[in-house]
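Before any comments, here is the structure.
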Amino acid sequence: MMDLPYHVLNAVNTVLLNPKDFTPLHTPNFKGNELKYVSECISTGWVSSVGQFVDQFELDLAKFCGVERAVAVVNGTAALHISLLIAGVKPEDEVIIPSLTFVATANAVKYAGAHPHFVDVEESTFGIDANKLKKHLHATCELRGKECYNKKTGRRIACIVPMHTFGHPTNMDALMKVSEEFGLPIVEDAAESLGSYYKGVHTGGIGLVSAMSFNGNKIMTTGGGGAILTNSEKLADIAKHLTTTAKQPSKWEFKHDEIGFNYRMPNLNAALGVAQIESMPDFVNAKRDLANRYKNAFEGLEGVTFVEEPENSKSNYWLCTCKLDSEDSKQLENLLELLNSNNIMARPIWNPLHQLKIYEGEFRADLEVTKSLAKRVFNLPSSTFL
Ligand SMILES: *Cc1c(COP(=O)(O)O)cnc(C)c1O
């Protein structure tokens, strides 16, 4: 096993076009109409809170994702925040989220005044383990009327937030059953999974409402941006209202009927988005092709596995991912050291959130798989131009 890092380095080098050059983890791709639309946007003068590109982007996005409505906002974290609010999360509630996710998932729960309730993920999909969650809820929670309460903390559980890790869809059928049994709506954190499908349905279109991100490192970008997706016209209208300072339609009066948020995506960013989404089919194809090449390169290597899309799913392979057999954290460290010193930008998966000082006091289920994956998982360069 001593040679494992070198075997991985060789495998990656067979996939990369120019292994000698520095290869970043992920860079945006502006090969389409980006400059054209952004110039058009600037020449109209409408770069900020009004303009046709926002409406266009929302329509294009909803169509691409096969949902009724999309509401464009400033970033994915803001999209998550509003998604939680419209799903009914109230202060002092608990929200079930994986510990193995980007910190924004938990932060958004806090913005809503609620507490994250960390649960474990599956070894195969890296998404919430629905069967384990079901057992956990039976053991620690009780239904009072139609609402689910945590018997230990006394707090109401408001919803479940699955996250489609690195673009691989969570096992949603099993999760929907848990959602029904315990009366917990599903808010999807689909920030990483634009272009990914679970049993033919686009991720983010399965739960009650979902959040997308168009940050610079995601599969497509608006510079910074996000969106709320839903099949409910009513919820979409509420989301639009809340993200635009809750201003009532009026010719010139400033009437705001609740404390809203200034979360609307600027027109300039939406112009970039309209161009990027035109390229999405190409981006997904490029990433799936890259994933296939990594998969072949890693075939037969002992001690390390390239992570493939789950059964019945089509992944966007946002970040190509491998996992080691061994939990020896020294091995992962040596591997990252070797790859990065050879101009290959590789990164470990996030520190599980329950291990961060800011979240260590929050309620958690058994997190055995999460802890294990955190010592074994790393990402490889995944840009569309590769
Ligand atoms: C990127 C990301 C977000 C947040 O998106 P921003 O646009 O950066 O605010 C939320 N959740 C997950 C899982 C992400 O990867």
Q: For region 138-150, indicate whether the set of residues that are of a type in the set (D, E, K, R), within 16 Å of the ligand (Cβ to nearest atom), surrounded by fewer than 24 Cβ atoms within 10 Å (Cβ to Cβ) and free of Cβ contacts under 8 Å to residues at least 60 places away in the same chain is non-empty.
A: no
(Q) Of everything in region 19-39, what is of a type outside the set (Val, Ile, Thr) and surrounded by 15 or more Cβ atoms within 10 Å (Cβ to Cβ)? Give them in sequence order. (A) Pro19, Leu25, His26, Pro28, Asn29, Gly32, Asn33, Glu34, Tyr37
Q. Across region 286-311, which residue is surrounded by the most Cβ atoms within 10 Å (Cβ to Cβ) among those that are more than 19 Å from the chain's Cα centre (by Cα) and more than 26 Å from Tyr6 (Cα to Cα)?
A. Ala286
Q | Test: residue in region 211-228 that is away from the ligand (no atom under 16 Å from the Cβ) and either assigned to a strand (DSSP E or B) or in contact with a Cys (Cβ under 7 Å, 6 or more places away or on another chain) (or both) | A | no
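Quick grid of which residues meet (1) within 23 Å of Arg288 (Cα to Cα); (2) within 16 Å of the ligand (Cβ to nearest atom); (3) buried (at least 24 other Cβ atoms within 10 Å of the Cβ); (4) among the polar types (S, T, N, Q):
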position: Asp173; (1), (2), (3), (4): no, no, no, no
position: Ser179; (1), (2), (3), (4): no, no, no, yes
position: Phe182; (1), (2), (3), (4): no, no, no, no
position: Ile186; (1), (2), (3), (4): no, yes, no, no
position: Ala190; (1), (2), (3), (4): yes, yes, yes, no
position: Ser196; (1), (2), (3), (4): yes, yes, yes, yes
position: Val201; (1), (2), (3), (4): yes, no, no, no
position: Gly204; (1), (2), (3), (4): yes, yes, yes, no
(Q) Based on this model, can you work out whether Phe102 counts as surrounded by fewer than 23 Cβ atoms within 10 Å (Cβ to Cβ) and under 18 Å from the mean Cα position of the chain (by Cα)? (A) yes
Q.
For region 58-77, which positions are among the hydrophobic types (A, V, I, L, M, F, W, C) and either within 16 Å of the ligand (Cβ to nearest atom) or crowded, with 19+ Cβ neighbours inside 10 Å (or both)?
A. Leu61, Ala62, Cys65, Val67, Ala70, Val71, Ala72, Val73, Val74
Q. Looking at Leu16, Leu80, which is the one that is surrounded by 14 or more Cβ atoms within 10 Å (Cβ to Cβ) and either of a type in the set (Lys, Arg) or within 16 Å of the ligand (Cβ to nearest atom) (or both)?
A. Leu80
Q | Pick from region 83-114, criterion outside any strand (DSSP E or B) and of a type in the set (Asp, Glu), ranking: farthest from the ligand (Cβ to nearest atom) | A | Glu92
(Q) What's the total number of residues in region 235-258 that are at pLDDT 95 or above and hydrophobic (A, V, I, L, M, F, W, C)? (A) 5
Q | Enumeration of residues in region 322-356 that are of a type in the set (A, V, I, L, M), more than 28 Å from Ala106 (Cβ to Cβ) and part of a helix (DSSP H, G or I) | A | Leu338, Leu339
Q) When you look at His117, is it of a type outside the set (S, T, N, Q), part of a strand (DSSP E or B) and more than 14 Å from the ligand (Cβ to nearest atom), yes or no? A) yes
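The values are calculated or read from the model by the stated rules, or taken from the named source; none is laboratory data. Please read all numbers here as calculations on a predicted model, not as lab measurements. As a convention, Cβ positions derive from the backbone with ideal geometry for all residues, glycine included, and neighbour counts pool all protein chains shown.
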